[in-house]
Amino acid sequence: MAGRLEDLSVAEIQQLLKKKQGRVAQLRKRRAKLVEDINNIDAEIAELSGESGGARYKNKYTNLEAVCRVLAKYKKGLTISELTDAVLKSGHQSTSNNFSNIIYQAIHKSDLVTRDEKTKRYMLNK
């Protein structure tokens, strides 16, 4: 495969697309692992230094990961309030007084989740 995009066959373009999508999946997985590592390091620093920000739950997944796991079960998506309830029902814990805002912040800048403006529902990107 060489040259300009116009010179490539449909099969070659599909192969390039598949390769790039695979790379994106690898990078997302690597990013999630690095975020987990950073959270573990922060927790260890706080423990060793005696710093405490108050009661804080140690969840298995980040807020964004918890959202993605919930949305994977709802192909038609969920509103922000439905999503907040579903994340909490999944076992994710928070001490936030406004957890729906925390969820919104987690998904707002993410390329993993999109909002359907017509239905006002959030769903996973395909």
Modelled FRET efficiency - R0 41 Å, Ala11 with Arg31, Cβ distances, 0.05 increments: 0.85
Packing-based ranking, highest mean first, of 83-89, 110-116, 23-29, 64-70 given that Cβ atoms within 10 Å are counted: 64-70, 83-89, 110-116, 23-29
Relative contact order %, the chain, counting alpha carbon pairs below 8 Å whose residues are six or more apart: 22
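Helix-only mean residue ellipticity at 222 nm, the chain, DSSP H runs n ≥ 4 weighted -39,500 (n - 2.57), per residue, nearest 500. What is it? Walk me through the numbers on the way to the answer.
Working: 4 runs with 69 residues, N = 126.
That comes out to -18500 deg cm²/dmol.
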Given charges at Cβ of Lys, Arg, Asp, Glu: the chain dipole, positive-most of Leu71, Ser90, Leu27: Leu71
Estimated distance in nm for a label pair at Glu44 and Arg69, the labels positioned 7 Å out from Cα along Cα-to-Cβ: 2.3
Given [x] 45; [y] 36; [z] 59, the label whose value is percent of Cα pairs over 24 Å apart derived from this model: [x]
Long-range HN-HN contacts of Val113 with modeled amide H, under 5 Å: Asn125
Debye, to nearest 20: dipole size of the chain, +1 on Lys, Arg Cβ, -1 on Asp, Glu Cβ: 600
Where chymotrypsin sites (Phe, Trp or Tyr not before Pro) fall in DSSP loop in segment 24-126, at most 10 other Cβ within 10 Å: Tyr57
Theoretical gain in end-to-end length, Ile80 to Lys58 [0.36 nm per residue, Cα-Cα removed]: 5.6 nm
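Just so you know, all these numbers are worked out from the coordinates, no wet-lab data involved. Fair warning: this is a prediction, and the values are worked out from it, not measured in the lab. Note that we place each Cβ from the backbone using ideal geometry, even for glycine, and neighbour counts take in every protein chain shown.
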